[in-house]
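The values are calculated or read from the model by the stated rules, or taken from the named source; none is laboratory data. The structure presented is a predicted model; accordingly, all values stated were derived computationally and were not measured. A quick note on method: Cβ atoms are made from the backbone with ideal geometry, for glycine too, and the neighbour counts reach across all protein chains shown.
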Amino acid sequence: MRFTLTSALAAAAVVAALAGLAGGAAAQSGEPIKIGFSMAMTGGLAANGKSALLAQKIWEEDVNTKGGLLGRPVKLIYYDDQSNPSTVPGIYTKLLDVDKVDLIIGPYATAQMAPAMPIVIQRNKVFVTLLGLAVNEEFKYPNYFAMIPSGPNAKPAFTKGFFDLAAAQNPKPQTVAIVAADQEFSRNASDGARENAKTAGLKVVYDRTYPPTTTDFAPIVRAIQATNPDLLVICSYPPDSVGMVRAINEIGFKPKMMGGCMVGLQATALKAQLGPMLNGFVNYDFWLPVPKMQFAGVNELIKKYQARAAAEGVDALGYYMAPFGYAQLQVLQQAIEATKSIEDKKLADYIRANTFKTVAGDVKFGKDGEWAQSRMLQIQFHAVKGNDVEQFRAMNTQTVVAPDEYKSGNVIYPYEKAKN
């Protein structure tokens, strides 16, 4: 249907007249509350981006089935940022100026959020983001809120549980090697690992970065092996994580414990690809369906997600992204319902001051919009046999070993015991 300027003006006049006659009835007019964002649907971040997007679409359907918000349906408006940070400013400008969205939320990943921040700040919009590491550390924007469980001290949070586990062993390990991709996230995580090693009184015997273009990890693993560390902390991106696991298994390197901050090992497809080579690795995660993490609504979400995953071409299980993509919008939903408003200032004030019940657990925001308390997990792979995806659905091959309040079992130490 084509709308002319004349017809648009006429329609506006009718709406104004009805508003004058009906008073406050405009809020019940059925006009959707539009929520805009960019999402990585192609490019390097697409696997996680598309997984989060499915959960967000399920949230939209769930809310509309229950009558929407403030008596109005909700409508998600999103564009593919192609995993390219340079596309993000244009997308958010279009959402606000052309699509006239009522509210915005953040994209997925640290690199995508930072370019959006100047626009968000200039427009004074509330901004709930998805899995970004310390994005607001420099901006200090008061209306920023991070849906990631790293907590107020983000850099060491990713490996703190790893070092806590190691410190509890008898005899206590004495030395550690730290290796990281030469990229912002991995460097930040390795800074945190260094801080944790110092706190634990460990001697760092290897501490180097490798170029992001690295494809052969055998020389790196052999160099680390030569220093004979008790522990190995790896801060890597998905291709590197796969390369490291393969090289470690091929060379037969067996420190007492290793892993820590390997991005990608949370993805179902990579777990299935690597299979038994994962046995013994201890690594971070955000959520798994263990008894102590059965938060209200999360099983219903995962059931809906998994029923649609194959058709949508996304991660088969959704454990890593789905709870946080859904919870990101639950925060906004609960603020809207509580304030009976979609005004950014009212929503931001409410979000800053309250605790939210989400499928990812209770969320309270603190300094710089980060979670007031960290809830990073360390999990261990064990008893993985073959390359079947189904073995990762239940928790027979993955145990939450830290922190204590969410653990589902004890760490198998040293690594070699879990390997066999």
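Please specify each residue of region 210-234 satisfying the condition of being in contact with a Phe, Trp or Tyr (Cβ under 7 Å, 6 or more places away or on another chain) and crowded, with 17+ Cβ neighbours inside 10 Å.
The answer is I220, V221, I224, Q225, P229, V233.
For region 74-126, enumerate the residues that are of a type in the set (S, T, Y), touching a residue at least 60 places away in the same chain (Cβ under 8 Å) and closer than 11 Å to S38 by Cα.
Y108
Name the pairs: first residue in region 167-185 and in the same structural domain as T199 (by TED's automatic domain parsing), second residue aromatic (F, W, Y), Cβ to Cβ under 6 Å, at least 6 apart or on different chains?
Correct list of pairs: Q169/Y413; A177/Y206; A181/Y237.
Using the structure shown, decide if A200 is closer than 25 Å to L133 by Cβ and surrounded by 20 or more Cβ atoms within 10 Å (Cβ to Cβ).
No, not satisfied.
If we scan region 220-229, do we find a residue that is assigned by TED's automatic domain parsing to the domain that holds G386 and either within 21 Å of the chain's Cα centre (by Cα) or of a type in the set (D, E) (or both)?
no
So, in region 267-280, exactly how many residues are outside any helix (DSSP H, G or I) and within 19 Å of I412 (Cα to Cα)?
2
Go through (1) surrounded by fewer than 20 Cβ atoms within 10 Å (Cβ to Cβ); (2) touching a Lys or Arg at 6+ places or on another chain (Cβ under 9 Å); (3) within 30 Å of G325 (Cβ to Cβ) for Y237 and report which single condition fails.
(2)
Return only the number of the condition from (1) surrounded by 19 or more Cβ atoms within 10 Å (Cβ to Cβ); (2) over 18 Å from N283 (Cβ atoms); (3) not aliphatic (A, V, I, L, M) that D207 does not satisfy.
Condition (1) is where D207 drops out.
Looking at region 299-329, which of the residues that are aromatic (F, W, Y) and in a helix (DSSP H, G or I) is surrounded by the fewest Cβ atoms within 10 Å (Cβ to Cβ)?
Top of the filtered list is F324.
For the structure I just gave you, tell me whether I178 is at pLDDT 95 or above and in contact with a strand residue (DSSP E or B) (Cβ under 6 Å, 6 or more places away or on another chain). Even if it seems obvious, please write down each step before you answer.
Numbers: at pLDDT 95 or above: yes; in contact with a strand residue (DSSP E or B) (Cβ under 6 Å, 6 or more places away or on another chain): yes.
Judged against the criteria, I178 is a match.
If a residue has to be within 22 Å of F162 (Cα to Cα) and not polar (S, T, N, Q) to count, how many in region 276-316 make the cut?
Qualifying residue count for the region: 16.
When region 45-72 is examined, which residues are found to be touching a residue at least 24 places away in the same chain (Cβ under 8 Å), over 24 Å from the mean Cα position of the chain (by Cα) and surrounded by 15 or more Cβ atoms within 10 Å (Cβ to Cβ)?
G68, L69, L70, R72
So, in region 195-254, of the ones that are hydroxyl-bearing (S, T, Y) and part of a helix (DSSP H, G or I), which residue ends up farthest from A180 (Cα to Cα)? Break it down stepwise before answering.
First, pick out the residues of region 195-254 that are hydroxyl-bearing (S, T, Y): 199, 206, 209-210, 213-215, 227, 236-237, 241.
Narrowing the set further to residues that are part of a helix (DSSP H, G or I) leaves 199, 241.
Working: T199: 20, S241: 10 Å.
By that ranking, first place goes to T199.
I need the full set of residues from region 158-192 which are under 17 Å from C261 (Cα atoms) and assigned to a strand (DSSP E or B), in order please.
V176, A177, I178, V179, A180, A181
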